[in-house]
Amino acid sequence: MLNKVRLLTPGPTPLPERVRLALAADMIHHRTPAFAALLDDIQIGLKHLFGTEQPVLPLSCSGTGAMTAAVHGLFSPGDKVIVVEAGKFGQRWSGIARTRGLVAEAVQVPWGQAVDVAAVEERLAAHPDARGVLVQLSETSTGALQPIEALGRLMRGRDALLVVDGISAVGISPCPMDEWGVDCLLTGSQKGLMLPPGLALLALSERGWRRAEATAPSCFYFNLPGERKNLAKGQGLFTSPVNLIVGLRESLRLFFEDADGVMRYEEGLRRIYRKQWALTCMTRAGVKALGLSLFAPTDYAWGLTSVLLPEGVDGERLIRAAKEDCGVIFAGGQDHLKGRLVRFAHMGWVDWGDVAAGLAALAHGLRAAGGYTSARDYVETALAAYRQALDVDPGRVIPDVRS
Ligand SMILES: *Cc1c(COP(=O)(O)O)cnc(C)c1O
């Protein structure tokens, strides 16, 4: 085999060796003190990742399962919710809400952009009976980052809950839920958390829990109050995805351990966000140096860069050439953007070397698909942006590097 396979897709993402070895461990029973100790062990890291004092529930399902659990656990048929539809995953919120019998009021956002907070405010004013706002943190179909902190401010003191799909963002860019006023934050295992698919994580705020306790369960499997009660006893409600949770303990160690193997939560968080921010700057600088357009120009996710291809370049051919000739796997565009977009992910177990390989594969694919670039020094330009960004600690704000 000539090439290493590099999975630069927005889930699933590559697995670190330490996680793969942990996944291979023999089974422990899910109703034993050993499993209870494991569940207890992962809580502290998860609470730091979610930025909450509340428990973070492991659920045995993909990310969409956690979205379903949130909608079923927090709302009842006939309730009205406002959905930010900024792409495919916003549409998924609406689909789940309608299936639950909710009235979904969509705020349409042009693909590639962040929602205007004033538009949500207007919609809340027009529908004072709305019981929730459903939104993505990172809209993975477009690569746009949504303004969760500002939405949290907007919704303070209102009855409506702020429910955030952080599936392509938790462990990638900050969303401290208690500080920002998020009522429900959820994610899946196969994106920022460096795990295989199949495990979801969900946390509720205090008022989220009050709502969940007051909502009649509509489904036997997803029972958030029941899961919380069992978690306090060191168990899940049903058979837990034991190996994935063992793997999660290992990925949390990779996030938070210092060089001596001591868990340092605040430092670890800063390190993850700094790395993710630097990879984002690196990718964007490289794409621009290749003469290509960034699809989410101003409000962009930290784990995923979407590239808008020039007219006449066949995106599917580009992606095929990157895979077959370079071993780099990208995702394409969805719906009306099929063949028009390359979604270049840099989340999870990905570093500057993978991004450099991704940029080279993008340049190769572009030429193979009928495009043109005269750029020669795009990897150097990208690495300079990476180094510069690493020197800047983004903390909890997004520095302005748009120019
Ligand atoms: C990947 C993704 C999902 C879907 O998650 P599944 O694990 O495939 O169910 C939902 N929302 C966002 C923002 C995603 O990135």
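Given a Förster radius of 25 Å and the C-beta distance between Leu21 and Leu390 as r, what FRET efficiency does 1/(1 + (r/R0)^6) yield to the nearest 0.05?
Details: r = 29 Å, r/R0 = 1.15.
Step by step, r from the Cβ atoms, then E = 0.30.
What is the Cα centroid distance between region 215-238 and region 87-102, reported in whole angstrom?
Using only Cα atoms, the two centres lie 23 Å from each other.
By how many nm would the segment from Glu206 to Arg317 grow when fully extended, if each residue of separation counts as 0.36 nm and the alpha-carbon distance is taken off? Walk me through the numbers before you get to the answer.
Details: separation 111, 0.36 × 111 = 39.96 nm, distance 4.93 nm.
Length gained, Glu206 through Arg317: 35.0 nm.
Could you work out Rg/(2.2 N^0.38 Å) for region 87-137, with Rg from alpha carbons only? The partial results should precede the final answer.
Details: Rg = 11.0 Å, N = 51, 2.2 N^0.38 = 9.8 Å.
Expressed relative to 2.2 N^0.38 Å, the Cα Rg reads 1.13.
Once you've got the GNM for the chain with C-alpha springs shorter than 10 Å, pick whichever of Ala106, Ala125, Ala160 has the biggest mean-square fluctuation.
Ala125
Please give the charge dipole size of region 102-196, origin at the Cα centre, charges +1 on K and R Cβ atoms and -1 on D and E Cβ atoms. Round to the nearest 20 debye. Intermediate values should be presented prior to the final figure.
Numbers: 6 positive and 12 negative charges, 31 e Å.
With Lys and Arg at +1 and Asp and Glu at -1, about 140 debye.
How do Asp41, Asp354 line up, fewest other C-beta atoms within 10 Å first?
Numbers: Asp41 14, Asp354 19.
Lowest count first: Asp41, Asp354.
Please give, to one decimal in nm, the separation of the simple spin-label points placed at His29 and Ala126, each 7 Å out from Cα toward the Cβ.
The modelled label-to-label distance comes out at 5.8 nm.
Ordered by packing density, taken as the mean number of other Cβ atoms within 10 Å over each peptide's residues, highest first, how do 265-273, 249-257 rank? Display every interim value, and only then the final one.
On the way: 265-273: 16.3, 249-257: 19.1.
Put in order of decreasing packing, that is 249-257, 265-273.
For Ala356, what is the net charge nearby, where nearby means another residue's Cβ is under 12 Å from its Cβ and Lys, Arg count +1, Asp, Glu -1?
Values: positive: Arg6; negative: Asp351, Asp354, Glu380.
Taking every other residue near Ala356 into account, the sum is -2.
Which residue, Gly261, Gly45, Gly226, has the most motion in a Gaussian network model of the chain that connects Cα atoms within less than 10 Å?
Most flexible of the set in this elastic network: Gly261.
Counting helices only, and only those DSSP H runs with n ≥ 4, report the 222 nm mean residue ellipticity of the chain as the sum of -39,500 (n - 2.57) divided by its residues, in deg cm²/dmol to the nearest 500. Show your work: numbers first, answer last.
Details: 14 runs with 172 residues, N = 403.
That calculation yields -13500 deg cm²/dmol at 222 nm.
Name the residue farthest towards the positive end of the dipole of the chain from the options Gly112, Tyr378, Phe330, assuming +1 on Cβ of Lys and Arg, -1 on Cβ of Asp and Glu, about the Cα centre.
Phe330
Of Leu57, Pro128, Ser76, whose Cα points farthest to the positive end of the dipole of region 42-141 (charges on the beta-carbon: +1 Lys, Arg; -1 Asp, Glu; origin at the Cα centre)?
Working it through, the farthest residue towards the positive pole turns out to be Leu57.
With N set to the residue count of region 126-262, report its C-alpha Rg divided by 2.2 N^0.38 Å to two decimal places.
Values: Rg = 16.4 Å, N = 137, 2.2 N^0.38 = 14.3 Å.
Against the empirical 2.2 N^0.38 Å value, I get 1.15 for region 126-262.
Rounded, prolate or oblate: which fits region 1-106 when a ≥ b ≥ c are the square roots of the eigenvalues of the alpha-carbon gyration tensor, with rounded for a/c under 1.5 and prolate only if a/b beats b/c? Don't skip to the answer; put the middle values down first.
Values: a/c = 2.54, a/b = 1.41, b/c = 1.81.
Oblate shape, in that a/c is at least 1.5 and b/c is the bigger or equal ratio.
Can you give the Rg and Dmax of the chain based on its C-alpha atoms, in angstrom?
When restricted to the Cα atoms of the chain, Rg and Dmax are 20.9, 62 Å.
Given Cβ point charges of +1 (Lys, Arg) and -1 (Asp, Glu) and nothing else, what value in debye, to the nearest 20, does the dipole of the chain about its Cα centre take?
Working: 43 positive and 42 negative charges, 116 e Å.
With only Lys, Arg, Asp and Glu charged at Cβ, the dipole is about 560 debye.
Rg (Å, one decimal) plus Dmax (Å, integer) for the alpha carbons of region 278-403?
Here Rg and the maximum Cα pair distance are 13.8, 41 Å.
Would you count, across the chain, every pair of lysines whose alpha carbons are under 18 angstrom apart, provided the pair is eight or more residues apart or spans two chains?
Details: Lys4/Lys323; Lys47/Lys191; Lys47/Lys229; Lys47/Lys233; Lys88/Lys191; Lys88/Lys338; Lys191/Lys275; Lys323/Lys338.
Here the count comes out as 8.
Where does each of Ile329, Ile148, Ile172 land when they are ranked from fewest to most other beta-carbon atoms within 10 angstrom? Working shown, then result.
Numbers: Ile329 17, Ile148 26, Ile172 30.
Result, fewest neighbours first: Ile329, Ile148, Ile172.
Give me the Kirkwood hydrodynamic radius of region 51-162 in Å, from all C-alpha pairs, to one decimal place? Walk me through the numbers on the way to the answer.
Details: mean 1/r = 0.0697 Å⁻¹.
The answer is 14.3 Å.
Under 25 °C and 0.890 mPa s, how fast does region 246-332 diffuse according to Stokes-Einstein, given a Kirkwood radius computed over C-alpha pairs? Answer in µm²/s, whole number.
Once the numbers are plugged in, D ends up at 158 µm²/s.
Among Val307, Val342, rank each residue by its count of other Cβ atoms within 10 Å, from fewest to most, as a rough exposure measure.
Val307, Val342
So how much slack lies between Leu2 and Arg249, counting 0.36 nm per residue of separation and subtracting their Cα-Cα distance, in nm? It would help to have the intermediate numbers written out before the result.
Working: separation 247, 0.36 × 247 = 88.92 nm, distance 3.35 nm.
Full extension of this stretch gives 85.6 nm more.
Contour minus end-to-end for Ser76 and Ala232, with contour as 0.36 nm per residue of separation and end-to-end as the Cα-Cα distance? Present the calculation step by step, with values, prior to reporting the outcome.
Details: separation 156, 0.36 × 156 = 56.16 nm, distance 2.61 nm.
Full-extension gain reported as 53.6 nm.
None of the figures in this text is laboratory data; all of them are computed from the coordinates on show. What you are looking at is a predicted structure, and each value in this text was computed from that prediction instead of being measured. A quick note on method: Cβ atoms are made from the backbone with ideal geometry, for glycine too, and the neighbour counts reach across all protein chains shown.
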